[in-house]
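Values quoted throughout were computed directly from the atomic coordinates according to the rules given, and no laboratory measurement underlies them. Note that this is a predicted model, so its numbers are computed, not measured. Cβ: placed from backbone, ideal geometry, glycine included. Neighbour counts: every protein chain shown.
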Amino acid sequence: MKIRFPERGRSGRSVVTIKNLEFGYEDELLVNRANLSIERGEKIAIIGPNGCGKSTLLKLIMGLENPSGGEVLLGEHNVLPNYFEQNQAEALDLDKTVLQTVEEVAEDWRIDDIKGLLGRCNFKADMLDRKVSLLSGGEKARLAFCKFMVKPSTLLVLDEPTNHLDIPSKEMLEEAIREYSGAVITVSHDRFFIKQIVNRVVEVKDGHLQDYVGDYNYFLEKNLEAREKELEREAELDEKAPKVKAKSKMSKAEKEAQKKQKRQAFQAAKQKSKGQKNAKRWN
């Protein structure tokens, strides 16, 4: 069973426009005169270090925070947002059942399809009539995700959507986003997930929005600092991985060769960047 996000028609070309946006707190300016335009069909990852304002930017887009300067405008024609936030599970009605929770927002879904979606997210048939109050934290998070999946929209706004999802559920989400014709804006620390879905990357850095019109690999090619951190992250994951014998699509020698190629590519890029800096210094 293929799961698709229900789309409520087609939005206009312009979906979100950010003009000279400013936002911060008394002792910290998170966004400083930022500008950004998002169009229908673009799938954008908002990335940056913890605490830089990524989730706040999503809330500003959704109108849940008020900017201290500038403005955030949704497109004039048929922009219907569907927002998944990190604490989505906390807003569930504890008195409703699992099935009722999803059914109440699934306007164009048949009951069998709703049950199929819940099944894909590990809700077995005997759990459908269970009260939300009896679910574990992880189960509530998966239920909130199912509720998000069935709501009609033309714009998806997602804040860490893969938290608490198992691999099959993540793959289902990735496929549904790839098939979605509207705009998608996501914040996620799951780099593999980002690589599968985005065609544009916006980096939040020192209060500014740096735009990379390309996928995540393009972003790494253009951003030496980010590529270095990515290699460090991969090395750290390799060290933490359990030392077990398992079948793999790649042999050990092939994996080592791939790592060597990545290191060589990184060093070459680093030397190129150094050369460019020296050239600028002498010109």
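Quick notes
- Residue 77-residue 105 FRET efficiency (beta carbon distance; Förster radius 22 Å; 0.05 resolution): 0.40
- Whole-Å distance, taken between Cα centres, linking region 120-142 and region 167-231: 30 Å
- Estimated distance in nm for a label pair at residue 171 and residue 94, the labels positioned 7 Å out from Cα along Cα-to-Cβ: 3.6 nm
- Checking every one of the GluC sites (Glu not before Pro) in region 16-49 against DSSP loop status and a limit of 10 other Cβ atoms within 10 Å picks out 26.
- Residue list for region 67-94, given a label point 7 angstrom along the Cα-to-Cβ vector of residue 134 and an amide N cut-off under 15 Å: 94
- If you plug the beta carbon distance of residue 35 and residue 191 into 1/(1 + (r/R0)^6) with R0 = 22 Å, you get a FRET efficiency near 0.25.
- Averaging the Cα positions of each part gives two centres, and for region 100-118 and region 40-54 these lie 30 Å apart.
- When each of 54/147; 170/205; 2/170 is checked by Cα-Cα distance, pairs over 18 Å: 54/147; 170/205
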